[in-house]
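Taking it in order: structure first as structure tokens, then the write-up.
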Amino acid sequence: DMKVTQMPRYLIKRMGENVLLECGQDMSHETMYWYRQDPGLGLQLIYISYDVDSNSEGDIPKGYRVSRKKREHFSLILDSAKTNQTSVYFCASSLPGGAPLFGEGTRLSVL
Amino acid sequence: QQKVQQSPESLIVPEGAMTSLNCTFSDSASQYFAWYRQHSGKAPKALMSIFSNGEKEEGRFTIHLNKASLHFSLHIRDSQPSDSALYLCAVSINSGTYQRFGTGTKLQVVP
């Protein structure tokens, strides 16, 4: 069953706390992505990973870092979260050049 | 940097009507064009894609692409209430690069 799984689905953190968002896929896709979605701004790419330890910045990488130690797992880390990082975060995976398959999203609130 | 813009921002149409959604892009080297649909609170899902100028039809949905005008569109024939969703267009330079998304058009189909 082709699926991208995100954990947790909902998260509330205080400003300055560290945040870890996790994403897994069961399709052995080489490419994985982290996007954030805000009203009126669409989906903005934070980071893209082309395979294990092969990560590149997207359009809005500031304040975020990623880790990919296994092909099926991609993490997004917010060190010292800020209130403007309140958003819905989507992970996705794809074959090279293929359409991304998205997870159901993580709704993060930073208070 | 590629700019992708959608119009209108929102749209209300009666059930059974034809719906037309627009997307413009800034980079004339773009090669891959896609539409995604996102129901409220759910993940975006790929709807249709096109590579070459012209049109492509799948069921009630048709994509038109005019590269010279830097424009493509999605047309939904016989719109249904279940079509109510956020529609996102996406563009990439080639099959090996990631897609940039527009800000979305929110469609509501009323019975």
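Computed from the coordinates by the stated procedures, all read-outs in this text should not be read as laboratory data. This structure is a prediction, so every number in the text was calculated from the model and none was measured. Don't worry about glycine lacking a Cβ; one is built from the backbone with ideal geometry, like all the others, and counts go over all protein chains shown.
Observations, loosely collected:
- Positive minus negative residues near A:Pro8 (Lys, Arg vs Asp, Glu; Cβ under 13 Å): +1
- Over chain B, relative contact order from alpha-carbon pairs under 8 Å, at least 6 apart, %: 38
- Working from the Cα coordinates of chain A, the gyration tensor eigenvalues give, after taking √(5λ), semi-axes of 22, 14, 13 Å in decreasing order.
- The mean number of Cβ atoms from other chains found within 10 Å of a Cβ in peptide B:31-43 is 2, as a whole number.
- Net charge contributed by nearby residues that have their C-beta within less than 15 Å of B:Asp78 (K/R +1, D/E -1): -2
- Computed from the Kirkwood radius of its Cα pairs, the Stokes-Einstein diffusion coefficient for segment B:70-111 at 37 °C and 0.692 mPa s stands at 270 µm²/s.
- For the residues of A:97-107, the average number of beta carbons from a partner chain within 10 Å of their own beta carbon is 5.
- B:Tyr32 long-range amide H proximity, modeled H, under 5 Å: B:Ser92
- Prolate/oblate/rounded call for the protein assembly as shown, Cα gyration tensor, a/c under 1.5 rounded: prolate
- For segment A:50-111, the Cα-based Rg and Dmax, in that order, read 12.6, 37 Å.
- Neighbouring partner chain Cβ atoms per residue of A:31-38, average, 10 Å criterion: 2
- Listed pairs A:Lys62/A:Lys82; A:Lys3/A:Lys70; B:Lys45/B:Lys67; A:Lys82/B:Lys3; B:Lys42/B:Lys106; A:Lys13/B:Lys106 exceeding 18 Å between Cα atoms: B:Lys45/B:Lys67; A:Lys82/B:Lys3; A:Lys13/B:Lys106
- Enclosed volume per residue, in Å³, of the convex hull spanned by Cα atoms of segment B:26-111: 98
- Karplus-derived HN-Hα couplings along segment B:13-19 (A = 6.51, B = -1.76, C = 1.60, θ = phi - 60°), whole Hz, x at Gly and Pro: 10, x, 4, x, 7, 8, 10
- Relative contact order, whole percent, for chain A stands at 36, derived from Cα pairs under 8 Å and 6 or more residues apart.
- For segment A:10-25, the Karplus equation 6.51 cos²θ - 1.76 cosθ + 1.60, evaluated at θ = phi - 60°, returns couplings of 9, 8, 10, 10, 8, 3, x, 7, 8, 10, 10, 10, 10, 9, x, 9 Hz by residue, with Gly and Pro reported as x.
- Karplus-based coupling profile of segment A:82-99, in residue order and whole Hz: 10, 4, 6, 9, 5, 5, 9, 10, 10, 9, 8, 9, 7, 6, x, x, x, 5, with θ = phi - 60° in 6.51 cos²θ - 1.76 cosθ + 1.60 and x standing for Gly or Pro.
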